[in-house]
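The values are calculated or read from the model by the stated rules, or taken from the named source; none is laboratory data. The structure presented is a predicted model; accordingly, all values stated were derived computationally and were not measured. Cβ: placed from backbone, ideal geometry, glycine included. Neighbour counts: every protein chain shown. Just so you know, the surface numbers come from the protein's heavy atoms only, side chains and all, with ligands and any DNA or RNA stripped out. Shrake-Rupley method; radii C 1.70, N 1.55, O 1.52, S 1.80 Å.
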Amino acid sequence: MTSETASNDWSQLQISADNIIHLPSGIFGFEGFKDYVLLENPAEEPFVWLQSVDDSNLAFLMIRPEHFTGEYAPEISDRDAESIGLCETGSAIIYSIVTFQSDGSCYANLKGPLVINMADLKGRQVVPENASEFSLRHRLSPNADLERKELTDVGFVTA
């Protein structure tokens, strides 16, 4: 089964049902939106987009924490792991949602990572049991950031 969605930064996308990531609880603040697809563009690496299948205007810029910190080891509760069918940590990919400030500074949310079970494409935004060890706004270093010009080039304009 293939469905289509329009996007602000991408023309009509052909999305296979096999690529849809289901988030039963949604994203914090966006609980009504449960189905997403990961969009990757080599020119934007290490960033990826989590695009809503149901709303073309809803997308989250994300990055895997290993791209900017080697010390990130969130403890995922058994309840959270079970909710997405996660039996082995090797089948999980963890992303941090990235936010920007008007001055162009870039932050990753380490207190609320998105954990995706890649075996069945089911995910959940979680608060790790050791969340007190992490920052809600972990500033990305200039080496990990896209330059401000590049952010504008990919459709993100800071206020």
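Quick look at the numbers
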quantity: Residue under evaluation I84, criteria (1) under 17 Å from L121 (Cα atoms); (2) modelled with pLDDT of 95 or more; (3) β-branched (V, I, T), criterion not met; calculated: (2)
quantity: Top-ranked residue in the range 60-83 [being outside any loop (DSSP other than H, G, I, E, B), closer than 20 Å to L50 by Cβ and of a type in the set (D, E, K, R); ranked as most open to solvent (accessible area, probe 1.4 Å)]; calculated: E66
quantity: Qualifying residues in the range 95-120 (those that are modelled with pLDDT of 95 or more and not in a strand (DSSP E or B)) - the one surrounded by the most Cβ atoms within 10 Å (Cβ to Cβ); calculated: P113
quantity: Failed condition for V37, given (1) surrounded by fewer than 13 Cβ atoms within 10 Å (Cβ to Cβ); (2) at pLDDT 90 or above; (3) among the β-branched types (V, I, T); calculated: (1)
quantity: Among residues of the range 53-67, those that are touching a residue at least 24 places away in the same chain (Cβ under 8 Å) and farther than 22 Å from V127 by Cβ, counted; calculated: 5
